[in-house]
Amino acid sequence: MRAVPQRDAFSRVTDRLPDVGSRVMRLLFLVNLICQTVIAVTGSVVRVTGSGLGCESWPECHPGSMVPVPHPELNAITQWIEFGNRLLSVGIGLVALLCLLGALGLRPRRPRMIRLALVTLGGTLLQGLIGGITVWMDLRWWTVATHLLVSMGLVWTAGLLLRTAGEGDREARLLVPASIRNLVGTAVGVLGALLIMGTLVTAAGPHAGDANTPRLQLPIDVLAQVHAELLFLFLGMLVALAFAFRAVEAPARAWRGYWWLLGVVLAQGAIGMVQYWTGVPEVLVTLHVLGAALVVVACAWLWTTLRDRGPAPAVFDAARQNTKPTTRRGEFASTS
């Protein structure tokens with residue numbers, strides 16, 4: 001008689017999770033993407049309203065209290081702005097947990113989806129800890145900068161996670177030559193540098209999150225100039241990408257991703273210039289952070305349009321999952 005293979009404890013638990021279906025997962029991943037974007041924006045609201053130390057402790061709002069309390073030195077509004085942002089982060093943590101549980105329950109199992117969902121949950125929990133350290137460090141500029149950059153990374157991951165709900169898990173098949181994908185990868189690196197420089201401009205600027213927080217002691221006009229030059233470099237790479245797409249007759253979905261990215265980048269650049277010329281008003285700072293998140297989303301989406309992983313699986317078919325598709329006309333073989 002054949003022995004029944006023993007399953008480990010983790011498998012016994014995850015096998016009991018319900019399969020909610022791909023439509024529910026797609027909706028859940030969309031909610032996660034929206035939440036990760038919103039928390040970046042509300043974080044900027046905390047900063048421009050000077051509410052960063054509205055709750056002077058963490059994880060408590062004040063020593064001995066988890067919620068805002070009357071305080072002779074703290075405005076009630078700034079307390080509730082910071083506290084509201086903390087509540088939102090808890091909600092986003094729950095959404096990230098649901099994403100992971102849903103991915104674990106989905107049949108057939110989607111390993112890449114599970115990994116991205118795990119990164120999302122881990123990154124969200126890490127963000128909460130970084131937020132606490134930021135408060136403990138009295139909003140030192142480098143902690144605030146790290147906080148925002150991790151948010152942008154989570155937005156990128158959320159975009160990839162949403163894309164997995166609509167595609168399969170086959171080996172990636174490039175729809176453009178590898179050189180074009182490398183160009184987009186380089187542009188992503190420039191975008192990362194652009195985001196880092198943006199945090200430095202903010203660190204040297206007037207919006208610290210609290211009036212008594214020391215700022216980055218570097219000339220803001222020089223930082224802003226470098227930030228602008230990186231933007232022009234990024235735009236130049238997008239122009240080069242358009243010529244490359246045209247030369248290889250890139251698929252329609254890659255062009256759609258391209259035009260969305262170009263439009264968002266141009267709008268973001270316009271906001272940045274108006275923001276600089278008008279003395280960095282609070283509302284434009286918040287819009288600029290929103291624009292940065294949308295650029296990250298659009299860039300992540302463009303990245304996914306350069307390859308094909310087949311349709312999302314409907315039922316488990318081991319033979320189909322293990323078969324390598326042949327290269328069709330207009331497609332380029334990839335081993336990545």
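The values are calculated or read from the model by the stated rules, or taken from the named source; none is laboratory data. Nothing here was measured: the structure is a model prediction, and the numbers come from that model. Positions of Cβ are generated from backbone atoms using ideal geometry, with glycine treated the same way; all protein chains shown enter the neighbour counts.
Could you go through the range 86-95 and let me know if any residue there is surrounded by 15 or more Cβ atoms within 10 Å (Cβ to Cβ), farther than 20 Å from A293 by Cβ and touching a Cys at 6+ places or on another chain (Cβ under 7 Å). Step through it out loud before you land on a result.
Of the residues in the range 86-95, the ones surrounded by 15 or more Cβ atoms within 10 Å (Cβ to Cβ) are 86, 88-89, 92-93, 95.
Restricting the remaining residues to those that are farther than 20 Å from A293 by Cβ gives none.
Scanning the range 86-95, I find no residue that is surrounded by 15 or more Cβ atoms within 10 Å (Cβ to Cβ), farther than 20 Å from A293 by Cβ and touching a Cys at 6+ places or on another chain (Cβ under 7 Å), so the answer is no.
Can you pull out every residue in the range 211-231 that is of a type outside the set (S, T, N, Q) and surrounded by fewer than 16 Cβ atoms within 10 Å (Cβ to Cβ)? Full working, then the answer.
The initial filter retains those residues of the range 211-231 that are of a type outside the set (S, T, N, Q), namely 211, 214-216, 218-224, 226-231.
Listed by number, the residues that qualify are A211, P214, R215, L218, P219, D221, V222, V226, E229.
Kindly establish whether E249 is out of contact with any helix residue (DSSP H, G or I) (no Cβ under 9 Å at 6 or more places or on another chain) and touching a residue at least 24 places away in the same chain (Cβ under 8 Å).
Working: out of contact with any helix residue (DSSP H, G or I) (no Cβ under 9 Å at 6 or more places or on another chain): yes; touching a residue at least 24 places away in the same chain (Cβ under 8 Å): yes.
Yes.
Right, L125: among the aliphatic types (A, V, I, L, M), in contact (Cβ under 8 Å) with a residue 24 or more places away in the chain, part of a helix (DSSP H, G or I) and within 18 Å of R26 (Cβ to Cβ) or not? Give the derivation first.
Values: among the aliphatic types (A, V, I, L, M): yes; in contact (Cβ under 8 Å) with a residue 24 or more places away in the chain: yes; part of a helix (DSSP H, G or I): yes; within 18 Å of R26 (Cβ to Cβ): no.
Taking the combined requirement at face value, the residue does not satisfy it.
Hey, could you check the range 174-196 for residues that are assigned to a helix (DSSP H, G or I) and more than 17 Å from the chain's Cα centre (by Cα) and say which is farthest from A247 (Cα to Cα)?
So the first thing to find is which residues in the range 174-196 are assigned to a helix (DSSP H, G or I), and the list is 178-196.
Next, only the ones that are more than 17 Å from the chain's Cα centre (by Cα) stay: 178-184, 186.
Values: A178: 14, S179: 12, I180: 11, R181: 14, N182: 16, L183: 14, V184: 15, T186: 19 Å.
So the residue we want is T186.
Taking helices (runs of 4 or more DSSP H) that do not extend beyond the range 1-115, which have at least 2 residues that are out of contact with any helix residue (DSSP H, G or I) (no Cβ under 7 Å at 6 or more places or on another chain), of a type in the set (A, V, I, L, M) and modelled with pLDDT of 90 or more? Reasoning before the result, please.
On the way: elements: 9-14, 22-48, 76-105.
Here the list reads 22-48, 76-105.
Take the residues in the range 146-177 that are among the aliphatic types (A, V, I, L, M) and touching a strand residue (DSSP E or B) at 6+ places or on another chain (Cβ under 9 Å), then tell me which one is farthest from P251 (Cα to Cα).
Among those residues, the one meeting the criterion is A172.
Since R246 meets every condition but one in (1) in a helix (DSSP H, G or I); (2) of a type in the set (D, E, K, R); (3) in contact with a Ser or Thr (Cβ under 8 Å, 6 or more places away or on another chain), which condition does it not meet?
(3)
Within the bounds of the range 306-326, is there any residue that is at negative phi, part of a helix (DSSP H, G or I) and modelled with pLDDT of 90 or more? I'd like the intermediate steps shown before the answer.
If we filter the range 306-326 for residues that are at negative phi, which is where we start, we get 306-309, 311-326.
Right, trim to part of a helix (DSSP H, G or I) and you get 318-322.
Adding the requirement that they be modelled with pLDDT of 90 or more leaves none.
Checked the range 306-326: no residue is at negative phi, part of a helix (DSSP H, G or I) and modelled with pLDDT of 90 or more.
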